1. Being closer than 17 Å to residue A:269 by Cβ and touching a helix residue (DSSP H, G or I) at 6+ places or on another chain (Cβ under 9 Å) is the requirement here; does residue A:18 meet it?
2. So which of B:36, B:119, B:114 is within 13 Å of chain A (Cβ to nearest Cβ), part of a loop (DSSP other than H, G, I, E, B) and surrounded by fewer than 23 Cβ atoms within 10 Å (Cβ to Cβ)?
3. Pairs under 7 Å by beta carbon, first residue within 25 Å of residue A:258 (Cβ to Cβ) and within 9 Å of chain B (Cβ to nearest Cβ) in the range A:1-19, partner at pLDDT 75 or above and part of a loop (DSSP other than H, G, I, E, B), six or more apart or different chains?
4. Looking only at the range A:35-48, decide whether some residue is surrounded by 17 or more Cβ atoms within 10 Å (Cβ to Cβ) and more than 14 Å from every other protein chain (Cβ to nearest Cβ).
5. I'm checking my understanding of the structure. Among residues of the range B:1-33 that are modelled with pLDDT under 70 and farther than 23 Å from residue B:178 by Cβ, which one is surrounded by the fewest Cβ atoms within 10 Å (Cβ to Cβ)?
6. Is it fair to say residue B:231 is modelled with pLDDT under 90, surrounded by 18 or more Cβ atoms within 10 Å (Cβ to Cβ) and either part of a strand (DSSP E or B) or in contact with a strand residue (DSSP E or B) (Cβ under 9 Å, 6 or more places away or on another chain) (or both)?
7. Across the range A:6-18, what is the total count of residues that are exposed (fewer than 11 other Cβ atoms within 10 Å of the Cβ) and assigned to a helix (DSSP H, G or I)?
8. Would you confirm whether any residue within the range B:63-72 is within 11 Å of chain A (Cβ to nearest Cβ), under 26 Å from residue B:206 (Cα atoms) and part of a helix (DSSP H, G or I)?
């Protein structure tokens, strides 16, 4: 721990706070690892089944949804496999955004005590979400096996789909967390919004149900639609989506991440005055 | 008397504050929702009173100095430490810091009751800005100093409050930082451990680090500090060597 030129903090240099935050995150990468580890270890430490719950949860939800909805919608394919594929992507999104909001609002005691790059908390929430997503692939594979849905080579592209979904989710989480510091009501309202969002995204019902509603705008204007679709194309349908769908996914993810990062890092110096 | 009115930090400067103010905005009425906020913003009715916790603070602390900050409750001492430890950004003015700052304000920050003592050492250590490797290198000395023994692998919810404090103290003081920020000279635990704490604190204070020491004890300021400032109502009302400021504080209290 030698002091050197790189170790100077100067509040007069405010032009590159977003870039400085990226550098700080690299210095604090071990903290992110520790925070992810804390969230996973502490959450399951006292439960008998432990981390197994990350796999049992999507399985249970899928079974309930299958029982409730399978006769309601005209599904050609294998309903349980269809649902669980969309569901694991959705769960990552909804858990990460909501957990980020709560961490910023209620877990922010540390913000007032010691300095650390504030984005570290949101990044670690997203990182923990990714690990849960990884675990959730196990019950998904199980369902595919039981229902005899073939997995194709297109599944090899799933890391890219996960990366894009994670970028979008992190960007939105940073944005929402910033707003929530100044307006805590957001944290109360968002769970309602996300429930509506779930029902507006084709996860438990087939896409064609919404294709003609408002000229398909309900689908086209919903960023989650693209990510869920890419997920299901690669895993469930066994096809590689056309390039323009990838392009939309890349653009949306980049815009949200860059904008969310900029807003959060520019406003985070004010966090100490609130909450 | 002092060299606090420099325009720019010098090569030997450790902490440099220029015209630093911290103003809390106290809304005249509470605005809790975005809708309310937007309506009032459009009508130009978002009104705030400003409460200055710090006002026009100028400081220049040299490397290796032991710098005292003294003042009554609510004078702005803690706010000043928060600004220097980067927890709070100043509303106005410039804060310039060279090197690693170790604020010994919160012992055991982020300790999680379900994690073991060892896991918490790593969590707390990384929160303080150390890497995993740096913690591993210091691990033996941290554990030895804390006297936690075999309990280190038990969740800290099973610890006594003294054990938690000892572990937090051991992690926080394991490294010699460039800048050490102290809110009172800390000592925790029972009498024997307190003696150990005091010894380690004095070693840290007298070591190479720049030290910013906040205290109510004017004798400590007089004894340890090369320079000191007296704060009142968010302003520096005088600065000088430790003995002078300590006398001034005593006479202020006697009024």
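The values are calculated or read from the model by the stated rules, or taken from the named source; none is laboratory data. Since this is a predicted model, take the numbers as computed values, not measurements. Cβ atoms come from the backbone with ideal geometry, glycine included; neighbour counts cover every protein chain shown.
1. Values: closer than 17 Å to residue A:269 by Cβ: yes; touching a helix residue (DSSP H, G or I) at 6+ places or on another chain (Cβ under 9 Å): yes.
Taking the combined requirement at face value, the residue satisfies it.
2. Working: B:36 fails: part of a loop (DSSP other than H, G, I, E, B); B:119 fails: part of a loop (DSSP other than H, G, I, E, B).
The unique qualifying residue is B:114.
3. Pairs found: A:9/B:86; A:11/B:89; A:11/B:90.
4. Looking for residues that are surrounded by 17 or more Cβ atoms within 10 Å (Cβ to Cβ) and more than 14 Å from every other protein chain (Cβ to nearest Cβ), one finds none in the range A:35-48, hence no.
5. Going residue by residue through the range B:1-33, those that are modelled with pLDDT under 70 are B:1-5, B:27-32.
Restricting the remaining residues to those that are farther than 23 Å from residue B:178 by Cβ gives B:1, B:5, B:27-32.
Details: B:1: 9, B:5: 8, B:27: 11, B:28: 11, B:29: 9, B:30: 6, B:31: 20, B:32: 10.
So, considering only residues that are modelled with pLDDT under 70 and farther than 23 Å from residue B:178 by Cβ, the one surrounded by the fewest Cβ atoms within 10 Å (Cβ to Cβ) is B:30.
6. Details: modelled with pLDDT under 90: no; surrounded by 18 or more Cβ atoms within 10 Å (Cβ to Cβ): yes; either part of a strand (DSSP E or B) or in contact with a strand residue (DSSP E or B) (Cβ under 9 Å, 6 or more places away or on another chain) (or both): yes.
No; evaluated as a whole, the condition is false for this residue.
7. Filtering the range A:6-18 down to residues exposed (fewer than 11 other Cβ atoms within 10 Å of the Cβ) leaves A:6, A:12, A:15.
Imposing the further condition that a residue be assigned to a helix (DSSP H, G or I) reduces the set to A:6.
Number satisfying all stated conditions: 1.
8. Going residue by residue through the range B:63-72, those that are within 11 Å of chain A (Cβ to nearest Cβ) are B:63.
Those left that are additionally under 26 Å from residue B:206 (Cα atoms): B:63.
Now restrict to residues that are part of a helix (DSSP H, G or I): none.
So far as the range B:63-72 goes, no, none of its residues is within 11 Å of chain A (Cβ to nearest Cβ), under 26 Å from residue B:206 (Cα atoms) and part of a helix (DSSP H, G or I).
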